[in-house]
Every structure is written in structure tokens, then in C-alpha cells.
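This report concerns only the one structure given below.
Nothing in this text is a laboratory measurement; each read-out follows from the coordinates by a stated rule. In this text, all values refer to a predicted model and were calculated from it rather than measured experimentally. Ideal geometry is used to build each Cβ from the backbone, glycine not excepted, and the neighbour counts take in all protein chains shown.
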Amino acid sequence: MLEPNQPGQVPVGQPQPPPDYANQIGEIFKKLPNEIHLFLFSNPGMDDVFSQSIRQAVRAFRDLTSKIIFREYPVDHEMAREWNVDAGPALLFEPDHYNIRWYGGPLGEEGRTFLELLIYIGLGKSNLSEQSLHVLRKIQEPRQVKVFVSPTCPYCPQQAVNAVKAAIERPEVVSLELIDIQCRPDLADQYSAHSVPQAYANDALIAMGAQTEELFMASLDKLEPQTVFIPEIESELVEVDLVIVGGGPAGLTAGIYAERSGLNAAIIEKGALGGQVALTPTVENYPGLTQVGGKTLVDIMVTHALEYTTIFPGEEVIDITIGSPFEVKTSRRRFLAKTILLATGASHRHLDVPGESRLSGRGVSYCATCDGMLFQGKKVIVVGGGNSAVTEALYLKNIGIDVTLVHRRDSLRAQEFLAKNLEENQIPVLWNTEVQEIRGEERVAEVLLKNNQTDDTSTLPIDGVFVAIGYEPSVELAKKLGVALNEDGFIQKDENHRTNIPGIYSAGDVEGGYKQIVTAAGQGSEAAMSIFEDMINPYWTKEKETVS
């Protein structure tokens, strides 16, 4: 056992740092303002490899500096009880100031973690980036962090040091346990941490694999894995060429194309980036990606957009004042913009019956084109009686699905030629029938139906429910501005995505149409290029000249 603050010799067989490297480390430690107090709690009667590696590493570093103060106690010592240590080997770092402990030792790749930990303790500060600090300072509730690591993992030091920086910067909020899965296999089994690095906070998985510093802090804040970090902008006034309202495929693509055209653009999104795509379990019809999770596709789009433009998530546009420039007021700031693109999207109308939301993505679908292939050879119903419902029923029948149309009225609202196709394809229709409940445990198994003429109820065993009762376009802002809508309630625009108000454009599902990811992205690119051309040669100026 090492005595407190007594430099020791590196044991035979323990590699010593190269002279230049050792001198560099010595110079670093010489500049550190604080002593570094380490407490090792080892298991009585056991001289395990982790305790040995800690002692050897401390000896090596104490040959370079006198600032490391090391003490070792058995795990049943009263000091262990004082700091709530109930298992060893456990190494505590400056426990009077920080709550950082390590179950393991600086073996292999974790030697890097150990060195950085000593330096940050000696500095007494984290050296986090401003963006990371901004996120970390928002956290008010305690975070008990566990990072599972392994000596053979080259990615573990990055994630471990992220957690170390958080624990040093906010010791009153963040406590940290670095856990070597070979040292504490019991904890690895408890948390199913059989691949490393894995990070938990308050027993919730917040990351698998290494992250950037900013992403780790965002995950720590949200208590769930974050895959994209969007820097927060503090400015109360932002001046741009183009404000894009909506962060779905249309808005994100428009941001990319606008910036690549030389326009300064900003994307504002009040809800989840990606819109409905983020809630889609699997996307199988996006060119170039045979199968991709909706959230993954959104992350790819957002990451791409962030290379060009600025995104303002979690901000709602409260008001837009028409003028030159337009003034856009959000829940957090003001924007001055030369043009506006409304890419506010549309949402599927829901049945609002028991089981619908619970089984969404597990047999309940709102897009036959997106999900139909998953039901080949199975039995489904399509709910609705308009063009969309009949078109979806025909599509599903065409790809080999046993489909029945369920309609609450006694006649279809769909166009005559579609109704005729329905009959020719021998697709049965349940008239005057409404879905009362969608049932199933893990997946849709049956529906409860009611005849609204007789009030009779019945159950129908099925594998899927396709809801096609229309869309609700997000046009509240458009209405407020006086933007013209078409007879279906979507934004009315010309072939260049111009609305009736000069300088205001639209793109994506808010315009109606096919409501597919790829078409929304295409419309976003078209709108952005139209805006670029119009800013070079404003069509509204020509209109004024013609009038005069």
C-alpha cells in the first residue's frame, strides 16, 4: 500500500512513459493550481488487477508531480461508510468537492481517461465549450450518471471524459460512476451493458456509443439519447433573406437549397423536426435508402441542413407582419426577413377511438403507399369514403392485400371513376359503418364495428387498419396573413410556389397533393430556387409597374 504523498517506483514490467512524453506531462501538472486527492477503497484480502493498476499508475504519475495525494483504505473502513462506498475496488477523485468514482482502473485505453481526469481535477474546471455549458447549466434536477467502459474500447475514453467534464462543471447536480464491465460484471448485467460505451442517467439509457461533447450534454439534459445537436442562438433579433416556417422534409430541403443559392435562411419549427416522418417507424420508399427508420431519416436530413443553415427548434411563430422586410415574432425572438416560406405541413385526421394511438405503427397506418407492402397476403380495412380512401383501397388490392372499405355513409364521396374501379376490383364496402375500437395486444387483431343505422355491433378479425379520412393542413398562420386557400383548405399557390401575397411562398403537405416525403422535399427545393430567382428579379416589382 502506498503511503500518503510518498513517490513510488514503477514496478518491473510496468511500461514507463517515454522521456519527452513524461516531461510534457510533468510540465502540465506543474501548472495545475490544485492538489489532486485520490482515495482507493479495495477489497480486504484481495489484490485484484484493477487495484494493482491504480497503484502502479499513481506511482508513475507521482514520479512526475507531488500534487497527487493518494490514500488507500479497505472497503469496510469507516471512510468508505462516510462516502457511501459499499464495493471495491473503487477510486474516488477529490470526494470533498466532486462525486466521481471509478470502479476499475487505468488499464489499456482507460489510461487516457485517467490522465484527463487527473488534469481536470487539478484544473478545477471542465473546459467545456460554450454550447455545452449552455445546455448543462439548464439542468436543475440531479443526474446520477453511469458510464460503462472497457480497457479494450478505443471509444470509451471520449464518452467517459464527457461525463467527467459534466461532473466537474456541475458537482452540485451531476454525480458520476465510471464502471469497467470486467471489474463490475454485476452492474453490467443489471443494466444490460454488454457493449461499451453505454451511458445512463437516473437509470435511463441516454447514449450507446461515443458522442460529441455537446450531444452528451443534450442527452444528459433530455434523459434520452440525442442524435443531433442544434446550437442555441441567443440573439433576440435575427436578420435573414428567408424565414422558413416548418422543419419537415420541405422546410429542411428548402433551407439547404436556399443557402446553396447564396441566400441566408433560418428554419423555425415549433414541434418535432421532421414532422410526421419522425413518427414513422419505417420508411421503405425513399430513394437511395431501401429501409430506414423515420427518426433516422430525419436525423440525416437535419444534420445535412445544419451544414448550411440555422435551425430554431421549439419556437412557435406567433405573428408575421407584412412589410419590407417581413417581421416574424416567435415565442423567443424576432426575425426580419425579405421573404417567407410556409412549410407548415398537414396532419392526418384521426378516428379518435380506443386503441388507435396505442397501436399506431403496429397495424394502424395512415399511408398505404408507405406501409402497404408490410401487409401483403393479409387482411385489412380502409376507413373513409373519399378519393384518398378509395385510391388507397385500390392500391392495397393491387399489391395483393385482402382489403375492405369501411364508410360511415351509404354512398361514396369519391369521384365516379374511382367508385367504378372499386366495384370492378370487387372490393367489398361496409356501408353506414363506423369503427368503434381497434383491438390487439402487440399488433392489431380485430376491430369493433357499429352500424349507425341499426346500432348493431360486430367484430372483424383483421391485420391492419388504414385510416384515410382526410388531412388537416396547418394553415392557421396562412389564414392570419390573408393567404388564399383552395376549396380543400390547403394553401393556393402557382407553379412557382408563390401565394397571393408577394414574398410569401409555400411548399410541402400544406399545399395538398401526394403527401410523400420525396414530393415534399422536391417542393421545398423548387420553392427555394423560385425565391432565389424572385429576389434577383422580383416579380412583384413588375406587377406594380404594369398596374401603374
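Miscellaneous remarks
- A rounded overall shape is assigned to the stretch 19-222, the ratio a/c of its alpha-carbon gyration tensor axes (a ≥ b ≥ c) being less than 1.5.
- Peptide ranges 115-124, 327-336, 227-236, 248-257 listed from the most packed, as the mean C-beta count within 10 angstrom indicates: 248-257, 115-124, 327-336, 227-236
- Of the trypsin sites (Lys or Arg not before Pro) found in the stretch 217-280, not one falls in a DSSP loop while having at most 13 other beta-carbon atoms within 10 Å.
- The phi torsions of the stretch 309-324, fed into the Karplus equation with coefficients 6.51, -1.76 and 1.60 and a -60° offset, translate into couplings of 10, 9, 10, 10, x, x, 10, 9, 6, 8, 7, 10, 9, 6, x, 10 Hz, rounded to whole numbers, with Gly and Pro shown as x.
- Net charge dipole, the stretch 19-222: roughly 440 debye, given to the nearest 20, about the Cα centre with Cβ charges of +1 for Lys and Arg and -1 for Asp and Glu.
- The calculated FRET efficiency for Asn451 paired with Asn425, based on their beta-carbon distance and R0 = 22 Å, is about 0.35.
- Put a dot 7 Å past the Cα of Asn387, heading toward its Cβ, do the same for Glu416, and the two dots end up 1.6 nm apart.
- Ascending count of other beta-carbon atoms within 10 Å, so fewest first, for Leu430, Leu128: Leu430, Leu128
- Using a simple spin-label model with pseudo-atoms 7 Å out from Cα toward Cβ, His304 and Arg112 lie 3.1 nm apart.
- Residue among Leu306, Ile536, Gly275 farthest towards the positive dipole end of the chain, charges placed on Cβ: Ile536
- Debye, to nearest 20: dipole size of the chain, +1 on Lys, Arg Cβ, -1 on Asp, Glu Cβ: 360 debye
- Under 13 Å from a label point set 7 Å out along the Cα-to-Cβ vector of Leu336, no amide N atom of the stretch 469-505 is found.
- The chain: relative contact order as a whole-number percent, Cα under 8 Å and 6+ apart: 10 percent
- Inter-label distance for Asp186 and Ser458, nm, one decimal - labels placed 7 Å from Cα along Cα-to-Cβ: 6.1 nm
- At full extension, Thr369 and Tyr395 could sit 8.6 nm farther apart than now, given 0.36 nm per residue minus the alpha carbon distance.
- Close amide-amide hydrogen proximity is noted between Thr282 and Gly294, each under 5 Å apart and 5 or more residues distant or on a separate chain (H modeled in the peptide plane; Pro and chain starts excluded).
- Dipole-positive endmost among Ile25, Leu460, Val383 within the chain (Cβ charges, Cα centre): Ile25
- Distance between the stretch 379-427 and the stretch 20-68 - C-alpha centres, whole angstrom: 74 Å
- From phi via Karplus (6.51, -1.76, 1.60), per-residue ³J(HN,Hα) for the stretch 121-129 in Hz, x at Gly/Pro: 5, x, 6, x, 8, 8, 6, 5, 5
- Set of lysines near Lys480 by C-alpha distance (under 19 Å), chain-local residues within fewer than 8 positions excluded: Lys270, Lys329, Lys338, Lys493
- Close amide H contacts of Gly400 (hydrogens built in the peptide plane, cut-off under 5 Å, sequence separation of 5 or more or a different chain): none are found.
- Ascending count of other beta-carbon atoms within 10 Å, so fewest first, for Trp431, Trp540: Trp540, Trp431
- Listed by chain and number, the lysines placed with their C-alpha closer than 20 angstrom to that of Lys420 are Lys397; residues fewer than eight positions away on the same chain are left out.
- Taking a sphere under 10 Å around the Cβ of Gly385 and counting the other residues whose Cβ falls inside, with K and R at +1 and D and E at -1, yields a net charge of +2.
- Computed from phi, the 3J(HN,Hα) profile of the stretch 131-137 under the Karplus parametrisation 6.51, -1.76, 1.60 (θ = phi - 60°) reads 5, 5, 4, 4, 5, 5, 5 Hz, with x in place of Gly and Pro.
- For semi-axes √(5λ) of the Cα gyration tensor in Å, the value computed from the atomic coordinates appears in the list (i) 46, 26, 23; (ii) 37, 27, 22; (iii) 58, 33, 18 under label (iii).
- Reach of Lys146 by Cα under 24 Å, taken over lysines that are not fewer than 8 positions away in the same chain: Lys125, Lys138, Lys165, Lys222
- Extension reserve of the Arg137-Gln52 stretch, reckoned as 0.36 nm per residue once the Cα distance is removed: 26.8 nm
- Only Lys, Arg, Asp and Glu carry charge here, each on its Cβ (+1 for the first two, -1 for the last two); on that basis the stretch 116-183 has a dipole of about 160 debye about its Cα centre.
- Per-residue [θ]222 nm for the chain (sum of -39500 (n - 2.57) over DSSP H runs n ≥ 4, rounded to 500): -9000 deg cm²/dmol
- Between the listed residues Val406, Phe70, Ile181, the Cα displaced farthest toward the positive end of the dipole of the chain, a dipole computed from Cβ unit charges relative to the Cα centre, is found at Phe70.
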